[in-house]
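The values are calculated or read from the model by the stated rules, or taken from the named source; none is laboratory data. Remember, it's a predicted structure, so these values are computed and weren't measured experimentally. Neighbour counts run over all protein chains shown; Cβ positions are idealised from the backbone, glycine included.
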Amino acid sequence: MLDFAADLVTQNDSFVAKVDQMERSVDNAMNQWKGAGAAAASEKAMAHKLHGNHLATTIVDVADKYNIYGASLGDTRTSLLKILDVEMKDSGMTVDDDGTVHAPQVPADSGQRYSATKPLTQQMLDGQASGYESRIKNLLTQFGDGETAAAKAITADLQTLGDYEKKPDGAPIRSNVQDILDGKTSLPTDPKQLHDLWGTLTPAEKDALYEKDQYLGNRDGLPAVDRDHYNREKLDDEITRAQNGDPAVKDKLADLKAIQATLDKNPDAMLMLMDTQSGKMTHAAVAVGNPDTAANVSVHAPGLNTTVKDSLKGMVDEAANVKALAQDRLSKLPDGDSKKDQKEVPIAWIGSDLPQGNVWPPSKWDSSTLGGAVDVVDDKMAKDGAPKLASFYDGVRASHEDSSMHLTAVGHSYGSLMTGLAVQQDGHQAVDDLLVYGSPGLDLPDKKTWHPGVTLPDVENLHVPDGHRFEMTGSDDAVAKLPAFGENPKTLPGFTHLETGPHTTLDGVNRDGAYGHPDYPRNGDNGQLRTSGWNIATIVAGLPTEAVQK
């Protein structure tokens, strides 16, 4: 069994190499072949790759079964042979095929010298035989049970292989999934319902759904590993098509390459969102680690002038620095503290179009910057992005392994406006903490009941409780001075106001201050996160008492 498993793995590796070679050959052909036929061939090649991958996975499963059960049966066999060939050697005992052990008979003695001890000697030999027999029969039963379990497990995997033989395009699809593929029904839009359905699907059914909707990985509620898998598949496809001049994506090549470069630099990153079609900009979200298994997850929404090609790498680098500091602070907690071994995973989210252009100060507005200036003083983009961001929060919750996860919504600049609008959305699960910085306002409605002639923004509309709303505003932050979207959170009651100036934090580091609009998440001149970065790390780690308050 073990030799067969090793040979099967070798043959499977050869098969996988052929599938990869096929994919490369098709990609190379696309360099010269254009048009509808080329697109159809590319799609067919992707389908073959997906089916080939699942076929290879099934073969690996078969090999694993042979390895697991072969090793287990081998251990049982070794134990049997040890009894027979070592312990019972030269004992004169014999063993039947069913494990019955026969002790030798003490020979009759013609004299009277041993007559008194003969019964006792025979009793001792019979007792030894009985002990051997019990052990041998137990091991034979164990071996038989192992063979039965192995046969059942291997037969199930062979049935899957048989299904591929009967239906070369893949394993059978159940009727409820086929109805989705045929357009009779749709996948749930509610992240929790989608996650529950997804857990019932086979790999072949998941791939069939991906073939129908190659942006499947963007659906909120899918497990992070599956979002990452399908989004990477689509990323590879779009890079190839963009390089070959496909008009749908050729102008997005720089964005796509920026996503790929970011993933290559961060081996533990997960691609939670990859979308070149729904907006004017390319959208992407990258998690620094697996958010489904982290006790603390934070979603970071950026603002003005953010693009995937120019900003994603920097955002992920900044998020990685915050993660490192957050986990360091968690590790410093006293032994026995339940948070000591927790992980924090930040997600850099560029999931909606954002204003672009040199929009400050207004005296510099001209024909090249007017569009961005109009966008940045208008909340339309923020309102368009807020439902997407709220749904993303719900998806993170739905796919997480533990409902007690601590989720922080973080927004910078125009992204703080979008974040503020996202947490105000009705019908969504609330986040645990809200942190905004460099904010031009949160578009809060006024309280309906207040003193006559006095208006006050309704911070309760954020659906985040007192003690869990935080803000930072640098002294020279020009964007935070824009009055377009209500009062800056630095003036609002119900927010904890955090320090942005220089400060020596609890770890003994003298941290630089954050003054201008871009400074908050960036390292200072000493190569360390600024005071604002320390505050971000402590809030997303669920350690607000370590944050530096004003």
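Filter segment 480-501 down to the residues that are of a type in the set (Gly, Ala, Ser) and more than 34 Å from the chain's Cα centre (by Cα) and list them by number. I'd like the intermediate steps shown before the answer.
Taking segment 480-501 first, the residues of a type in the set (Gly, Ala, Ser) are 480, 484, 486, 494, 501.
Within segment 480-501, 484, 486, 501 meet the criteria.
Here is a check on your reading of the model: is residue 507 under 32 Å from the mean Cα position of the chain (by Cα), surrounded by fewer than 16 Cβ atoms within 10 Å (Cβ to Cβ) and not hydroxyl-bearing (Ser, Thr, Tyr)? Give the steps one after another, and end with the answer.
Values: under 32 Å from the mean Cα position of the chain (by Cα): yes; surrounded by fewer than 16 Cβ atoms within 10 Å (Cβ to Cβ): yes; not hydroxyl-bearing (Ser, Thr, Tyr): yes.
Taking the combined requirement at face value, the residue satisfies it.
How many residues are under 19 Å from residue 244 (Cβ atoms), aliphatic (A, V, I, L, M) and surrounded by fewer than 15 Cβ atoms within 10 Å (Cβ to Cβ) if we restrict to segment 1-38?
Residues meeting the conditions: 3.
Can you say whether residue 400 is more than 29 Å from residue 530 (Cβ to Cβ), touching a strand residue (DSSP E or B) at 6+ places or on another chain (Cβ under 8 Å) and surrounded by fewer than 23 Cβ atoms within 10 Å (Cβ to Cβ), as far as the supplied structure shows? Break it down stepwise before answering.
Numbers: more than 29 Å from residue 530 (Cβ to Cβ): yes; touching a strand residue (DSSP E or B) at 6+ places or on another chain (Cβ under 8 Å): yes; surrounded by fewer than 23 Cβ atoms within 10 Å (Cβ to Cβ): yes.
Yes; evaluated as a whole, the condition is true for this residue.
Quick one: which of 292, 226 is within 30 Å of residue 406 (Cβ to Cβ), outside the structural domain of residue 28 (by TED's automatic domain parsing) and in a loop (DSSP other than H, G, I, E, B)?
From the options 292, 226, the qualifying one is 292.
Going through segment 397-431 one residue at a time, which ones are polar (S, T, N, Q), more than 19 Å from the chain's Cα centre (by Cα) and either in a helix (DSSP H, G or I) or on the phi > 0 side of the Ramachandran plot (or both)? Break it down stepwise before answering.
Start the filter on segment 397-431 by keeping residues that are polar (S, T, N, Q), which leaves 399, 403-404, 408, 413, 416, 419, 424-425, 429.
Next, from what is left, pick out any that are more than 19 Å from the chain's Cα centre (by Cα): 413, 416, 419, 424-425, 429.
Within segment 397-431, 413, 416, 419 meet the criteria.
Among the residues of segment 231-240, is there at least one that is within 17 Å of the chain's Cα centre (by Cα), surrounded by 22 or more Cβ atoms within 10 Å (Cβ to Cβ), without any contact (Cβ under 8 Å) to a residue 40 or more places away in the chain and not assigned by TED's automatic domain parsing to the domain that holds residue 396?
Within segment 231-240 (the criterion being within 17 Å of the chain's Cα centre (by Cα), surrounded by 22 or more Cβ atoms within 10 Å (Cβ to Cβ), without any contact (Cβ under 8 Å) to a residue 40 or more places away in the chain and not assigned by TED's automatic domain parsing to the domain that holds residue 396), the answer is no, since none of the residues qualifies.
Would you list the helices (runs of 4 or more DSSP H) that sit entirely within segment 143-215 and hold 1 or more residues that are surrounded by 13 or more Cβ atoms within 10 Å (Cβ to Cβ) and modelled with pLDDT under 85?
Working: elements: 175-181, 191-198, 203-212.
Helices (runs of 4 or more DSSP H) meeting the threshold: 203-212.
Given the structure, is residue 262 more than 24 Å from residue 54 (Cβ to Cβ) and within 20 Å of the chain's Cα centre (by Cα)?
Working: more than 24 Å from residue 54 (Cβ to Cβ): yes; within 20 Å of the chain's Cα centre (by Cα): yes.
So residue 262 fits the description; yes.
Just checking, which of 477, 466, 446 is in the same structural domain as residue 299 (by TED's automatic domain parsing) and under 32 Å from the mean Cα position of the chain (by Cα)? Show your work before the answer.
Numbers: 477 fails: under 32 Å from the mean Cα position of the chain (by Cα); 446 fails: under 32 Å from the mean Cα position of the chain (by Cα).
Answer to the check: 466.
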